[in-house]
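Asks: The structure is given below, and queries will be raised subsequently.
The values are calculated or read from the model by the stated rules, or taken from the named source; none is laboratory data. These numbers were taken from a predicted model, which means no experiment stands behind them. Don't worry about glycine lacking a Cβ; one is built from the backbone with ideal geometry, like all the others, and counts go over all protein chains shown.
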C-alpha cells in the first residue's frame, strides 16, 4: 500500500540545527504541496503580526507531488510574509532547483532564524551543510551561481537581497526568479546568500500506469494547443505584446494611458526577426518559452519585463530593456516592481533610472518600491499598486475579470492569481467578454482556486492554455494514489485561498485593501467604480466572505480552524 | 479577388417553379450559413403568426462555408416554424446529405408551397426534378432510403411525418435525424416525402493555406481531447450515462426523481463489453461517435434515447431501447419527445408504450406530444416541456447553467443551445460550479451565442470539447477570406439569437415562456425559484432584453431592423 508521505527539512540558521520531520498525510491531502503546503506550514508557524525581516520569520520552500516527474513540473515555491506588502506571499519559479529539491527527498524546507555571518546552505540528498558565504557576499547572481553550481542547483540572492531592497528576488539557475514581493529580502535578512541543492532519487509514483496515461493526455493537449505551440514556443511570452497593445490594455507611462505607440521593437515578431534565438526551458518542459540571444549568450526579457521597462516608461528601445533585465537578474531585483518604481519616480521627478538600475539598490527611496515613494511624496493618486505590490502589464480598465482578480489577490497586484489574461485576452480555456461585469465574480473565484491548486501540484501556469481541472485531477490521483475529482482540485484551491485570506485579515489586511489604484477609476478609460463595487460585492457573496473576511461557516466547511 | 457568394435554390411545390438566386454577401457575413442563414431567410419570408402546417410556411435547408471541407463539417440545418412549439425552430443533422447539398452548389434550399400529390425532389447539381412519391407514401425510412439512395443522399420522412405526428423528424442517410420540433411534420404537410441530393463540386476556399493551417490546429486539438478520443470515440454518447447518473442529474420516471438505480445495462462500459461495435461517423469525421451492433448490423441508441426510453420510464432493459430507437428511426419520430410523451402517458394512465412505438403514430393523443396531453388531462403540474418541447436527459435541478439555458432557449427544452453539459458535467472547456447561480447568466449567454455560431458554420457541437471561438474564427476566416476574430464569431451568434427571439415575440411567445416545468421547482431536489428568477433577471440584463424582449437599442447594435 502506497502512503502519501512527505518530508520536511527544518533548518535553523541561528542554532545550525537541522531536522527532518514527516508531514502529516491529511495536510498533504488538503493542501497538496507547493503553494498550498507552504501556506499551511507558514500559517501554523507564526503569529500574523510577525515582522517579515525579523529572525523569527521563517522562509519556506516547497515542491509538490508532480515535481520532477510530469512535463512542466520543474518548479518550486517559496512562502513567507512579504516585507513589501505585509501579506502572506507565495512565489513560484521554474528551472532545475525544484526538481533537485524533490529528488533530494524533501517536500518542504523551512529556513528559520538568522545566521551570525553570511552563509550558504549545501544540500546533497540527506546531507545538509552550512558554509561560509563571506567570499560571496556582495557578489552578483552570476558570480555566485558559477561559483556554486558544481555542488548542485543554485538559488541565490544578489545585492538587492543583501541591501534590503524591499523587492529583492531569489534567483535560481541563473535567470529564474522567485520574483515578486521581496522573498530575496527575507533571505538576505537571515544572512543567507544561497541554497545549493542536489538530489538523486526519483520520487515514487503511486499508480504509475494511470500517471503515465494522464501524462500522455497532457502532452497531447500541450502539443495541440495553438497558444502554446504557435505562441509561447516560437515567441516566448513576448507573444503577448501586440495583442495587449491592440486591445488597449497596455499600461503606458505609469498607467496614464492604455496604449503605447512606440513599441515597434517590443513584439514577438520583432524579436524572432532580429535575433538568433536559442530556446531554453525549465526541467521537463517540451515548450521552452524562454528565449536567449544565441549569439551573445544572454537571456531576453519576458513580456512583463518588456512592458515594465518599455511602455510603462515610454521606452521603445528593446536593447535598453534587454540590458535592464540582465542587471535586474544579476542584482536579484523583481523586474515588475523595479519598472513600476522607475515609472513612479519618473512621473514624480522627471528622472529615468532605466539605464541606472544598479543604483536603485543603494537608493534610499527607490529601494522601497513605488507605494512608499508615492506616500512619501503625498502622491497617492499616482499609485499603481494593490496592497503594496505593483500591477503588471495588463490594464485592469479594459479587463474586468483581471481587475477583480487584482483587487482580491491575497498578495497584491499579481496577474497570476486568477490569470484572467487567458480567458479575457487569449480566449483559453474560453473567450469571455472582457468589458462586462457579468459573471466575473464567479469566474474569478473559480480561476483563483484553480490557480492556487496548479501552484500546489506544482505545474507551470501555461498548462492552463491546454488543460483543465479534469486533467490536473487525473495527474494528481495517479501520482498520489488518492482519488481526486476535478471538483476536489478546485476545493483544495479554495481552501488555500481562504487560509491565505485568513492570515492577511489577522495581520490587519482585510477587505478595505481589496481595491484598485485610484488612477484606474479616473480618466478617459476609467473603470466605473460602481461596476467594480458590484463585482466585488458579488465576489464576496460567492466566496461566502463578509467584507472580505471569510465567515466562520466557510472556514469550517473547508476544514480550517 | 474571392467574393463570398452563396446560392439559394427556391423550390415551389405548388407551382413546381424552381429558381436559383444569389444570397447577398452582407447576409452571409452577418449570419454565416446553417442556422444563422436559415433563421435570417425564414424571418424575411413569413409573417410570425403563420400556421406551421399551412401551404405558405416555407421549410428551409441550409449548409455553411465550412460544410464538406473541414473535419466534422458534414452537417446541414433545417429551419421553419415548429408545429409542436409555435416558435422558430432550427434543427441540425449529420451524415452525408449536407455535404452533397454543398457540393451541388447550394447554401440554402427554400421549399415553398404544397404538392397536390405526394412527391419527392431529386437534385443533381443544377438539375432539379419533381418525382411522384405515390409508391413511397406510407413506406418507412429504411425502404424509402434504400429505394432512392442510388440517386444521392436521401432525406425523408416516415409515417410520423405523413400522419401529422407533431414531433416527426426528417431522417437522412437512414439514421441521422433533423429530430426535434416536428420539421418532418412540416415536410409531410407539403406532401413532400423526400429530397435526394447529389453534388459533385468541391466548394472553393478563399485562403487555402490559412484554412489548411486552421484545420491542422483543429485536428490536433480533437485528437488530444480526452472526452473526444477516450470518450466519444470509444463509447459514443453513451459515455454520458454513468456520470449523469452519478451526479444525480438523471431525470427519472417523468422527472419525478433525479437518479435511476436499474441502469446497469445502460452505460457506455456495458455496451462496449457486450456488443461488437462498428464505429460510424458523419462525413469528414475522425471520431465516429455513432455505434452500431456489427453482428446484427443495427444502429445503437444515442445517450438521449437511452435516457428517454430508459430511466425516464424506469426501464433498464437495453435491448428494448435498441428496438424502440430503431422503430422511431424507421417511422421518423423524435426519440426524445417520443420517450417523454410515453413517460407522461405512463404517469397519467399507467400504460407503457415502450414496446408499441409504432402505435403512437395513429394515436390521437400520443401523436400530439406530452404538453398537449398534460393540458388535456388538466395535469399541467406533470409537464416536462418548455414552450412545448420536452426536456432531454440532463436534469435542470442539478445544473443551474443548463437550467437557465433550457428556460431561455428559443426553441424550447433543448440541451444544445448553451450546451452547459460541457462545462457543468464534462469540465470542458472549463469546469464550472453546477450548483451555483453565480456567473451563470453571463456564461449561458456566451455559450448560447457561441453555439448559434457553431450551428452556422456548421460544425459538430462536440468540437467544443476541444476548440474555442479562437479556432472557429480562424477556420471561418480561411474559408471565406473575410476576417473574423473570436469576438466576431460570438457577435454573429448573438445576432442570430436575438433574431430568433424577435420572431418568437412577434409570434406571441415572449418572456413569460422563459421558465422551467413546475416539477423542477418542487420536491426534495427542487431548484429554488428565487435563485432561478435571479439568474433569469441577470440573463435579461446581460442580453439587454426587457422581460425577455430584445430592446430597440440592442437590435440596432446588431444591425437588425
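Asks: Across the stretch A:399-420, what is the number of residues that are within 14 Å of chain B (Cβ to nearest Cβ) and either surrounded by fewer than 23 Cβ atoms within 10 Å (Cβ to Cβ) or within 22 Å of residue A:225 (Cα to Cα) (or both)?
Replies: Total satisfying the criteria: 3.
Asks: Among the residues of the stretch B:356-374, how many are surrounded by 13 or more Cβ atoms within 10 Å (Cβ to Cβ) and part of a helix (DSSP H, G or I)?
Replies: Here the count works out to 12.
Asks: Can you name every residue in the stretch A:425-460 that is more than 11 Å from chain B (Cβ to nearest Cβ) and either without any contact (Cβ under 8 Å) to a residue 60 or more places away in the chain or assigned to a loop (DSSP other than H, G, I, E, B) (or both)? Please lay out each step first, then the result.
Replies: Taking the stretch A:425-460 and keeping what is more than 11 Å from chain B (Cβ to nearest Cβ), we get A:448, A:451-460.
Across the stretch A:425-460, the qualifying residues are A:448, A:451, A:454, A:458, A:459, A:460.
Asks: Condition check: in a helix (DSSP H, G or I) and either touching a helix residue (DSSP H, G or I) at 6+ places or on another chain (Cβ under 6 Å) or surrounded by fewer than 23 Cβ atoms within 10 Å (Cβ to Cβ) (or both). Does residue A:273 satisfy that?
Replies: On the way: in a helix (DSSP H, G or I): yes; either touching a helix residue (DSSP H, G or I) at 6+ places or on another chain (Cβ under 6 Å) or surrounded by fewer than 23 Cβ atoms within 10 Å (Cβ to Cβ) (or both): yes.
Yes; evaluated as a whole, the condition is true for this residue.
Asks: Of the conditions (1) buried (at least 24 other Cβ atoms within 10 Å of the Cβ); (2) at positive phi; (3) in contact with a strand residue (DSSP E or B) (Cβ under 6 Å, 6 or more places away or on another chain), residue A:42 clears all except one; give me its number.
Replies: Here residue A:42 meets the rest and fails (2).
Asks: Still on this structure, I have one more. Please go through the stretch B:79-107 and give me each residue that is assigned to a helix (DSSP H, G or I) and out of contact with any strand residue (DSSP E or B) (no Cβ under 6 Å at 6 or more places or on another chain), ordered by number.
Replies: B:99, B:102, B:103
Asks: Also: Residue under question is residue A:144, and the condition is that it be crowded, with 24+ Cβ neighbours inside 10 Å and over 30 Å from residue A:48 (Cα atoms); does it hold?
Replies: Answer is yes for this residue.
Asks: Scan the stretch A:214-233 and tell me whether some residue there is free of Cβ contacts under 8 Å to residues at least 60 places away in the same chain, in a helix (DSSP H, G or I) and closer than 30 Å to residue A:3 by Cβ.
Replies: Taking every residue of the stretch A:214-233 in turn, at least one turns out to be free of Cβ contacts under 8 Å to residues at least 60 places away in the same chain, in a helix (DSSP H, G or I) and closer than 30 Å to residue A:3 by Cβ.
Asks: Moving to a separate point now. How many residues, within the stretch A:130-146, are out of contact with any strand residue (DSSP E or B) (no Cβ under 7 Å at 6 or more places or on another chain) and under 16 Å from residue A:97 (Cα atoms)?
Replies: First, the residues of the stretch A:130-146 that are out of contact with any strand residue (DSSP E or B) (no Cβ under 7 Å at 6 or more places or on another chain): A:134-135, A:138-140, A:142-143, A:146.
Then keep just the ones that are under 16 Å from residue A:97 (Cα atoms); that gives A:142, A:146.
The number of residues fulfilling the criteria is 2.
Asks: Just name the residue that is nearest to residue A:415 (Cα to Cα) out of those in the stretch A:232-261 that are out of contact with any helix residue (DSSP H, G or I) (no Cβ under 8 Å at 6 or more places or on another chain) and surrounded by fewer than 16 Cβ atoms within 10 Å (Cβ to Cβ). Please lay out each step first, then the result.
Replies: Going through the stretch A:232-261, the residues out of contact with any helix residue (DSSP H, G or I) (no Cβ under 8 Å at 6 or more places or on another chain) turn out to be A:233, A:246, A:257, A:261.
Those still in the list that are surrounded by fewer than 16 Cβ atoms within 10 Å (Cβ to Cβ) too: A:246, A:261.
On the way: A:246: 19, A:261: 23 Å.
Checking each candidate, the answer is A:246.
Asks: Go through (1) buried (at least 23 other Cβ atoms within 10 Å of the Cβ); (2) farther than 25 Å from residue B:316 by Cα; (3) touching a helix residue (DSSP H, G or I) at 6+ places or on another chain (Cβ under 8 Å) for residue B:206 and report which single condition fails.
Replies: (1)
Asks: Could I ask something else about it? Keeping to the stretch A:155-178, report how many residues are out of contact with any strand residue (DSSP E or B) (no Cβ under 6 Å at 6 or more places or on another chain), under 13 Å from residue A:369 (Cβ atoms) and crowded, with 24+ Cβ neighbours inside 10 Å.
Replies: Result for the stretch A:155-178: 4.
Asks: For residue A:527, indicate whether it is at pLDDT 95 or above, part of a loop (DSSP other than H, G, I, E, B), under 24 Å from residue A:422 (Cβ atoms) and away from every other protein chain (no Cβ under 14 Å).
Replies: The answer is yes for residue A:527.
Asks: I've got another one for you. Do any strands (runs of 3 or more DSSP E) entirely within the stretch B:138-196 hold 3 or more residues that are touching a residue at least 60 places away in the same chain (Cβ under 8 Å), and if so, which? Walk me through it before giving the result.
Replies: Details: elements: B:153-156, B:170-172, B:176-178.
The strands (runs of 3 or more DSSP E) meeting that bar are B:170-172, B:176-178.
Let's see how each residue does on (1) surrounded by 14 or more Cβ atoms within 10 Å (Cβ to Cβ); (2) touching a helix residue (DSSP H, G or I) at 6+ places or on another chain (Cβ under 7 Å):
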| residue | (1), (2) |
| --- | --- |
| A:489 | yes, yes |
| A:497 | yes, yes |
| A:508 | no, no |
| A:513 | yes, no |
| A:516 | yes, yes |
| A:526 | no, yes |
| A:530 | no, no |
| A:535 | yes, yes |
| A:543 | yes, yes |
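Asks: Can you tell me which residue is surrounded by the most Cβ atoms within 10 Å (Cβ to Cβ) among those in the stretch B:281-294 that are in a strand (DSSP E or B) and touching a residue at least 24 places away in the same chain (Cβ under 8 Å)?
Replies: B:291
Asks: Could you count how many residues in the stretch B:467-491 are in contact (Cβ under 8 Å) with a residue 60 or more places away in the chain and either within 8 Å of another protein chain (Cβ to nearest Cβ) or touching a strand residue (DSSP E or B) at 6+ places or on another chain (Cβ under 6 Å) (or both)?
Replies: Number satisfying all stated conditions: 1.
Asks: Residues A:352, A:315, A:331, A:323: which one is closer than 19 Å to residue A:84 by Cβ and modelled with pLDDT of 95 or more?
Replies: A:331
Asks: Look at the stretch B:49-69 and say how many of its residues are touching a helix residue (DSSP H, G or I) at 6+ places or on another chain (Cβ under 9 Å) and either surrounded by fewer than 17 Cβ atoms within 10 Å (Cβ to Cβ) or within 19 Å of residue B:161 (Cβ to Cβ) (or both).
Replies: Residues meeting the conditions: 10.
Asks: Let me ask another. When residues of the stretch B:331-355 are filtered for being crowded, with 21+ Cβ neighbours inside 10 Å and farther than 15 Å from residue B:309 by Cβ, how many remain?
Replies: 1
Asks: To continue, here is another question. Examine the stretch A:221-231 for a residue that is more than 14 Å from chain B (Cβ to nearest Cβ), out of contact with any helix residue (DSSP H, G or I) (no Cβ under 6 Å at 6 or more places or on another chain) and at negative phi, and state whether such a residue exists.
Replies: no
Asks: Only one of these conditions is not met by residue A:509: (1) within 14 Å of chain B (Cβ to nearest Cβ); (2) closer than 20 Å to residue A:48 by Cβ. Which number is it?
Replies: (1)
Asks: Can you name the residue in the stretch B:540-556 that is within 14 Å of chain A (Cβ to nearest Cβ) and out of contact with any strand residue (DSSP E or B) (no Cβ under 8 Å at 6 or more places or on another chain) and, of all such residues, is modelled with the highest pLDDT?
Replies: Among residues in the stretch B:540-556 that are within 14 Å of chain A (Cβ to nearest Cβ) and out of contact with any strand residue (DSSP E or B) (no Cβ under 8 Å at 6 or more places or on another chain), the one modelled with the highest pLDDT is B:545.
Asks: Same structure again: Give me a count of the residues in the stretch B:545-561 that are touching a residue at least 60 places away in the same chain (Cβ under 8 Å) and surrounded by fewer than 15 Cβ atoms within 10 Å (Cβ to Cβ).
Replies: The number of residues fulfilling the criteria is 1.
Asks: Okay, next question. Being closer than 18 Å to residue B:198 by Cβ and modelled with pLDDT of 95 or more, is that true of even one residue in the stretch B:41-58?
Replies: Within the stretch B:41-58, the subset closer than 18 Å to residue B:198 by Cβ is none.
Within the stretch B:41-58, not a single residue is closer than 18 Å to residue B:198 by Cβ and modelled with pLDDT of 95 or more.
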